[in-house]
1. Of all residues in segment 1-27, count the ones that are in contact (Cβ under 8 Å) with a residue 40 or more places away in the chain and under 17 Å from the mean Cα position of the chain (by Cα).
2. For segment 1-106, list the strands (runs of 3 or more DSSP E) that sit wholly inside it and hold at least 3 residues that are among the polar types (S, T, N, Q); which are they?
3. Hey, among 106, 61, 93, 46, which residue is surrounded by 14 or more Cβ atoms within 10 Å (Cβ to Cβ), without any contact (Cβ under 8 Å) to a residue 24 or more places away in the chain and in contact with a strand residue (DSSP E or B) (Cβ under 9 Å, 6 or more places away or on another chain)?
4. I'm trying to understand the selection: among the residues of segment 88-98, which are within 13 Å of the chain's Cα centre (by Cα) and of a type in the set (Gly, Ala, Ser)?
Amino acid sequence: MVDQQNLMAARVSRNILQQSWMGGIVTHGNPTGTGGTTLVGADARLATSTFRGDKNLSLALYMLGTDDEATGARDAAGGFVIDYPNDRWDVALSWKQIGDNFQPALGFVPRVGIRKTELNVAFQP
């Protein structure tokens, strides 16, 4: 029999400047009933449509940490995306790292223990 468990998820977000935002998230609990898992995270997106006059540019950042009471495992995940999405050129650089013991019990992670860098370039005349 699975122990009963209270689950909690909370997210706050606030617009800053004209085209940007920052936020935070907290979750607690484990649907399997095997003890409490806590996730705490923060994210932000800084954007402008006036880069070099009339160009778009954005930077998105995120950082998350988990703490699993049942196993004592703690770990983190984080990353960033720099994006230049414009008419002729769309260029994006992203990087992320997910720790071996990152365990978001109330969420989803496709694969742990990775580091990934991507560069996407599109020329669109």
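1. Qualifying residue count for the region: 2.
2. Passing ranges, in order: 37-51, 55-68.
3. After applying the criteria, what remains is 61.
4. Once the filter is applied, which keeps residues that are within 13 Å of the chain's Cα centre (by Cα) and of a type in the set (Gly, Ala, Ser), segment 88-98 yields only 94.
Every read-out reported here was derived from the displayed coordinates using simple, explicitly stated rules and does not represent laboratory data. The structure displayed is predicted, hence computed values, not measured ones. Heads up, the Cβs are rebuilt from the backbone with ideal geometry, glycines too, and the neighbour counts pull from every protein chain shown.
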